1. How far apart, in nm, are the 7 Å Cα→Cβ label points at B:Glu409 and A:Gln110?
2. Using the Karplus curve 6.51 cos²θ - 1.76 cosθ + 1.60 with θ = phi - 60°, work out ³J(HN,Hα) for each residue of the stretch A:189-202 in order, rounded to whole Hz, and write x for Gly and Pro.
3. Taking amide H atoms as placed 1.01 Å from N in the peptide plane, list the residues 5 or more away in sequence, or in a different chain, whose amide H sits under 5 Å from that of B:Arg228.
4. If amide hydrogens are placed 1.01 Å from N in the peptide plane, which non-local residues have theirs closer than 5 Å to the one on B:Ala190?
5. For the stretch A:309-317, take each phi angle, set θ = phi - 60°, evaluate the Karplus expression 6.51 cos²θ - 1.76 cosθ + 1.60, and give the result in whole Hz per residue in order, putting x for glycine and proline.
6. Considering every residue in B:10-23, what mean count of other chain Cβ atoms within 10 Å of its Cβ is obtained?
7. Check each of the trypsin sites (Lys or Arg not before Pro) in the stretch B:1-70 and keep only those in coil by DSSP with at most 12 other C-beta atoms within 10 angstrom; list them in order.
8. Residues of the stretch B:351-387 with amide nitrogen under 19 Å from the 7 Å Cα-to-Cβ point of B:Phe284?
Protein chains: 2
Amino acid sequence: MPVLVMKFGGTSVATLDRIRRAAKRVGVEVSRGYDVIVIVSAMAGETNKLVGFVQDTSPLFDAREYDAVVSSGENVTAGLMALTLQEMDIPARSWQGWQVPLRTTSAHSQARIEEIPTDNITAKFGEGMKVAVVAGFQGVSPEGRITTLGRGGSDTTAVAFAAAFGAERCDIYTDVDGVYTTDPRICEKARKLDRIAFEEMLELASLGAKVLQTRSVELAMRYKVKLRVLSSLSEQTDGSGTIVCDEEDIMESNVVAGVAHSRDEAKMTLVSVEDRPGIASSIFTPLAEAGVNVDMIVQNISEDGRTDMTFSCPTDQVKRAEKALNDARTAGHMTFTDIKADTGVAKVSVVGIGMRSHAGVAAKMFRVLAQEGINIKVITTSEIKISVLIDRKYMELAVQALHDAFELEKAG
Amino acid sequence: MPVLVMKFGGTSVATLDRIRRAAKRVGVEVSRGYDVIVIVSAMAGETNKLVGFVQDTSPLFDAREYDAVVSSGENVTAGLMALTLQEMDIPARSWQGWQVPLRTTSAHSQARIEEIPTDNITAKFGEGMKVAVVAGFQGVSPEGRITTLGRGGSDTTAVAFAAAFGAERCDIYTDVDGVYTTDPRICEKARKLDRIAFEEMLELASLGAKVLQTRSVELAMRYKVKLRVLSSLSEQTDGSGTIVCDEEDIMESNVVAGVAHSRDEAKMTLVSVEDRPGIASSIFTPLAEAGVNVDMIVQNISEDGRTDMTFSCPTDQVKRAEKALNDARTAGHMTFTDIKADTGVAKVSVVGIGMRSHAGVAAKMFRVLAQEGINIKVITTSEIKISVLIDRKYMELAVQALHDAFELEKAG
């Protein structure tokens, strides 16, 4: 029998009713002839509650105990899902991470999957079991202790099972019905994509289109697992959602796949930094050590041996960044005259694998923004993405204008 | 190092504050030089919530999935307790049932403990760990699935660990501060016992003095584990509570240890049953099959080949008992003319190992009740217990009068 992996996130299993609704979708796939592996998250809110318990108990907690506590939410859902399927006369049983066993590294709270033996579950499929319900997000270390894969690890669990079992597809059920050309709340012409390439999805995910966890997309890309993102709340059971796949599997596509945005960006400028070899390292090492997520970096041309260094980071990390840089100056690691923080900016990006073969995308983007009177503060580019920082008040306007200009409302 | 087992029930770990308070008591015992094994229940209310989820999902649930879901509450408390101890600089770690592994039978939801290997935990004690926190109530079956020991199974877990590790004592922390000569809410002269024999505790537990689960007392008796019941809420840490032990360890004691009562009793009488060999079996087999917990049984003298049969059962099982008996009559398994149910009765018992060597306890009990004008409806006796059914309205009076008459307010 072909194997299908179906993953249901926290909002899709938030209540017993939602679990029943999810189980019905599983039943549809079973009746289509699949052996199904269902990966479940904890009921919405449960993991946050448990994390709160741990943090209130021990601010600098032992990650091994954190994992033992926090993983229990998924165990509850897995058992309840198995029971719900049994009520529908579908042979099913639950598996906790250590029962599979899903073997991971010992890096508690951010463990990496090392191995998923398939023999136990395959044997049960052979005995007539139709659905294996697996608690997502968790595994077991070489020392026999429970590990977790980090937030969003259930997506990663699902993709890893799909790879291990050679599944025909890995369906990720969530609270949105697919990947859009842009945020529908900002641009009413936003269109759901039928297909998107892994690379594009990675850029969109890291830009804040929080549909799929980045790590799970990377894993799917590496093992060529065909992913589908779809809503557990809609009634459709066929052809819905968005397929995330290899670019060869996309027949013809727009040059630009989507327009992404990120609202909580700050632009920081170090004024009059000495321009010498190693200066970038002197600046960004202390920032990394302080846990500041630096995104875009621009260095101005040098004058009289000094230069300005500009970078962007999340708004709520500005204070931390300032402290790290001032400390580094005090310690004598570098000199600068001032730090300017502009917390009124936003990032807008166009993403598309078509850019590789089509010139002129950047020029068109800059022209469209200029026509709307929007000033560009910082630019960065990659092979399949162009990002700009602009005043936050123009963000919606920029997204709409770019969506129009690249005709994203039309299928490619 | 000597080993001590400490068990904390649901109300003793109901909040993070309560867990901290419990951890402080563990710290006191560690500072006294013990290696401590802590057994924890789920936070009060959690298990009921999970059981509710299972029952709402699947009324005739698969007990294997029930166990997987319901055991998760203890895992949370075990991790939180370990973290709390670590915060107090006490080396501790948590163990789930399968990690010990606490091996049980496959009788899910009512599994029996088969084996507790001590090597893993003993090795950790050898490495400097001071406290092993173990999730109570759960184990693992020969098939590698999670089992639970039934309600109150955490007491049983604690006693089993004490037996396996040859612990000096097994302290059961609960929300009462010990075992009393009778219910203090009914009789203000009730006195806390310093010591009570296993056999007496068993009679008191099964009579509804819900301090310790019967099964855990039986296990303690078999393995000669010295039990102590004490409150996790009081501030005392020494000499408090009640020791439950072998009768040889009780120097001198009252003839009667306590007066127990049970309010929710019903007296049922089958009128004019044919008096033939096998009739008792014809009556009580269908009752047992219907899940009716029959307690006292009295058969009247026979007249003209017919007799009356009287028994007691919990009030809320009367309807079920009537249905079972009427069905048996309809099926032709026996004949009777009427079923009379008296739901206005209560059971009062005096319990004490001293009765074995002291005659006259029954006579004294009957005389005291007669002096108060209380009519006795049914009597049963065992080696160390005499029970009577009386009108419920006299229950408090009977308890107080018996407590006075046997001078239970005075230490033996």
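A short reminder: the numbers here are calculations on the coordinates, not readings from a lab. Predicted, not measured: the structure shown is a model, and the values here were computed from it. Backbone-built Cβ (ideal geometry, glycine too); neighbour counts: all protein chains shown.
1. Distance between label points: 6.8 nm.
2. 7, 3, 10, 6, 7, 6, 9, 8, 7, 3, 4, 5, 4, 4
3. B:Cys170, B:Asp171, B:Ile172, B:Val244
4. Residues meeting the amide H criterion: none.
5. 10, 10, 8, 10, 7, x, 3, 6, 10
6. So the per-residue partner count for this stretch is 1.
7. B:Arg32
8. Under cut-off, by backbone N: B:378-387.
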